[in-house]
1. Whole number please: convex hull volume per residue of the Cα set in segment 162-287, in Å³?
2. Taking 7 Å along the Cα-to-C-beta vector as the label spot, tell me the LYS439-SER159 distance in nanometres, rounded to one decimal.
3. Between beta-carbons, use under 12 Å as the cut-off and find the net charge around LEU184, counting Lys and Arg +1, Asp and Glu -1.
4. Place +1 on the Cβ of every Lys and Arg and -1 on the Cβ of every Asp and Glu in the chain, take the dipole about the Cα centre, and give the residue among VAL478, ALA122, VAL346 whose Cα lies farthest towards its positive end.
5. Can you give the longest run of the chain that contains no chymotrypsin sites (Phe, Trp or Tyr not before Pro) sitting in a DSSP loop with at most 12 other Cβ atoms inside 10 Å?
6. Between MET300 and VAL265, with labels modelled 7 Å along Cα→Cβ, what's the label distance in nm to one decimal, could you check?
7. Out of segment 173-260, which trypsin sites (Lys or Arg not before Pro) are coil in DSSP terms and have no more than 11 other C-beta atoms within 10 Å?
8. Heavy-atom accessible area of ASP45 with all protein chains present, probe 1.4 Å, nearest 10 Å²?
Amino acid sequence: MQSTPDPETVLVIDDEKGIRDGSERIISRMGCNALTAQNGQEGLDVIERTDVAIVLLDLKMPGIDGMEVLKRIQAMGRDILVIVITGFATIETAIEAMKRGAYDFVPKPFEPDQLRIVVNRAREKIRLQRDTVKLEAERQRTLADLGTEKSRIHTIVDSIPNGIVVTNTDGQVVLMNPAFCRLLDLADDTATGGQISSYIPDEGLCRLIVEISSGRHVDFDDIPTYEFSFGGERFLMARGRPVIGERKACLGAVVTVIDITNMKVLDRLKSEFVAKVSHELRSPLSTIHEQLALVLNDLMGQLSESEEHLLSRAKEKTQGLISTIGDLLDLSRIESGTTCQEPKPVQLEDLLGNIVDFLGTRAKTKAQALIMDRPADLLPTIKADPLALESIFGNLITNAINYTQNGGEIKVKVDMTGINLRVRVIDNGFGIEARYLDKIFERFFRVKNDKTRFITGTGLGLPIVKGLVEALKGRISVESVPDKGTTFTVLLPVD
């Protein structure tokens with residue numbers, strides 16, 4: 001594309017010295033670079049060797065007249081604005097010149113202000129042209145440029161071992177690296193330009209990528225990872241993020257794809273081992289628990305205080321082991337994908353209301369206020385397993401009751417954010433130190449301090465909650481301040 005001339009360079013072509021000198025003084029005082037020529041040929045020579053933006057051109061000159069000069073300037077193909085200088089007797093000629101491409105005209109004799117107005121108007125037009133060219137250049141430099149750009153960035157992307165694919169706002173592939181082709185069993189010379197569905201066989205993932213590309217995800221942290229199977233033997237995981245331009249507009253999406261087959265195999269072996277061991281232990285532990293209960297009942301009053309305490313502790317410990325085994329089996333079912341039943345339409349605020357009513361009695365024993373904050377407008381239903389939802393929010397609210405002091409307050413809030421339903425369980429209890437926030441979803445991890453050491457639990461409740469939330473394609477996060485309280489936030493997509 002041709003560059004626009006410098007708008008500060010103005011050439012005056014006129015055979016009258018007074019007009020030339022006067023115009024030069026006026027234009028110079030406007031901050032422009034003023035040049036002069038006394039006839040048409042001299043003016044054309046100046047234009048040939050100088051980057052001229054504006055020409056003040058007298059139509060009536062000896063030798064080459066103004067109309068011929070205008071014609072030759074236009075033949076150069078340069079973005080030069082020509083302002084015709086003409087007498088009142090030749091106004092019709094000036095109009096004819098404008099029809100042939102002149103920008104404006106100024107009649108002789110003219111006042112300095114008249115000349116300033118016309119020149120400033122031309123300068124503003126040139127500035128607008130430059131801005132338009134710049135904006136067009138920025139618009140043309142879209143994600144499609146990445147597909148052909150032979151740069152260091154392109155080389156780096158090609159060398160990354162993880163698969164990378166970039167789409168534009170319409171979901172068309174504009175860039176993909178060799179690792180992506182290899183993971184998706186595509187030929188090395190596969191061309192870009194097609195819809196994402198032409199490259200990835202999973203319909204759900206393609207739909208998610210199109211949503212990200214079109215800017216439908218307002219909160220980028222809400223975008224879930226996506227796992228899919230390829231060929232039944234290989235498992236891949238994809239994560240997408242929108243590409244944001246300088247003006248905060250979404251230009252498309254970049255998606256990374258990694259092979260998690262080995263992780264899946266290891267996870268399955270681990271789950272099978274845990275399930276097998278748990279099944280083998282639960283039956284004898286249940287028997288021991290029942291026998292201890294029987295001994296305590298039969299020998300009631302015959303045992304010393306220390307003997308009765310010892311047997312009671314043994315009974316409690318076996319019950320704790322049985323609960324732990326039950327939680328481990330729940331985790332195994334979650335990981336194997338068999339925990340969630342057939343999804344049904346659920347009105348989440350009604351389900352939460354029932355849980356709050358049920359657990360209200362437990363909160364009252366600690367003089368706590370358990371409050372349900374319902375939205376003003378009816379929320380959309382979600383398609384999910386009701387039992388899984390009850391387990392998620394039952395666990396979170398029970399935890400809030402357990403880890404909040406007597407007389408404390410627990411709030412359950414539900415609303416919409418973006419394309420997700422958001423549920424927050426907020427308490428003003430003991431809180432969690434920042435160093436533990438990344439660990440509380442790990443199995444068997446429990447925060448132990450002077451305030452929590454007497455609270456019983458297996459350390460598996462939150463891992464179960466996290467597994468169920470992810471099985472529902474949702475996301476859970478936590479914020480906490482010690483001695484001020486904790487907020488658990490669950491985001492569930494509206495299907």
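The values are calculated or read from the model by the stated rules, or taken from the named source; none is laboratory data. Not measured: the values here are computed from a predicted model. Cβ atoms come from the backbone with ideal geometry, glycine included; neighbour counts cover every protein chain shown. Heavy atoms of the whole protein, side chains included, go into the accessibility calculation; ligands, DNA and RNA do not. Shrake-Rupley method; radii C 1.70, N 1.55, O 1.52, S 1.80 Å.
1. Details: hull volume 16.5 nm³, N = 126.
Per residue, the Cα convex hull of segment 162-287 comes to 131 Å³.
2. Placing both labels 7 Å beyond Cα along the Cβ direction yields 3.9 nm.
3. Numbers: positive: ARG182, ARG234; negative: ASP185, ASP188, ASP202, ASP259.
Taking every Cβ under 12 Å from that of LEU184, the sum is -2.
4. About the Cα centre, the residue reaching furthest to the positive side is VAL478.
5. Values: sites that count: PHE444, PHE454.
Formally, the longest exposed-site-free interval is 1-443.
6. For MET300 paired with VAL265, the spin-label model returns 5.7 nm.
7. On the way: sites: ARG182, ARG207, ARG216, ARG234, ARG239, ARG247, LYS248; in loops: ARG216, ARG247, LYS248.
Qualifying residues, ordered by number: ARG247, LYS248.
8. Roll a 1.4 Å probe over it and ASP45 shows about 70 Å².
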